[in-house]
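The values are calculated or read from the model by the stated rules, or taken from the named source; none is laboratory data. Small disclaimer: the values here were computed from a predicted structure and weren't measured. Positions of Cβ are generated from backbone atoms using ideal geometry, with glycine treated the same way; all protein chains shown enter the neighbour counts.
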Amino acid sequence: MSYKINNDWHLLGISIDPYQEENEQLQVMDENANRLLGLVNQLLDFRRIESDAYEIKKEQVDVVSLVQSVYSRFSALPYQKDIEFTLSTNISKLVLQADPEVLNKILSNLLINAFKFARNHVR
């Protein structure tokens, strides 16, 4: 019966995903697991920096693309805390010589702190 109903909705151009809520929860879990892995890697990097074993690897980095990537990773977090989280830019591309991992960590830490102390807006 559900197959026939789903088929009828599909013919009308409407997609019904009975597992949508579970998929969204799994996606949030995956994002949180990746964030936790990132924090563990930051701790390891901190130890390497303290022991002078960390080396900055400069390369061409499109900062706008990197910021958009970080923004998309954090996009689920504000909804959990009822915070408005927006990204806007007038620049389509900005290329710099930098270490993309370091920039990613800096932006992630800034956003984590912003969400931690924000009342209802992070821009």
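For every residue, the table says whether it meets (1) more than 19 Å from the chain's Cα centre (by Cα); (2) among the acidic types (Asp, Glu); (3) in a loop (DSSP other than H, G, I, E, B); (4) at pLDDT below 80.
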{"site": "ALA33", "(1), (2), (3), (4)": "no, no, no, no"}
{"site": "LEU37", "(1), (2), (3), (4)": "no, no, no, no"}
{"site": "PHE46", "(1), (2), (3), (4)": "yes, no, no, yes"}
{"site": "GLU55", "(1), (2), (3), (4)": "yes, yes, yes, yes"}
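Is it the case, given these coordinates, that SER51 is outside the structural domain of SER88 (by TED's automatic domain parsing) and without any contact (Cβ under 8 Å) to a residue 60 or more places away in the chain? Here the answer is yes, as SER51 does meet what is asked. Residues that are at pLDDT 90 or above, in contact with a strand residue (DSSP E or B) (Cβ under 9 Å, 6 or more places away or on another chain) and farther than 20 Å from GLN42 by Cα within region 69-113 comprise LYS93, LEU94, VAL95, LEU96, GLN97, listed in sequence order.
Do we find a residue being at pLDDT below 75, on the phi > 0 side of the Ramachandran plot and outside the structural domain of LYS105 (by TED's automatic domain parsing) anywhere in region 4-13? Yes, the conditions are met somewhere in region 4-13.
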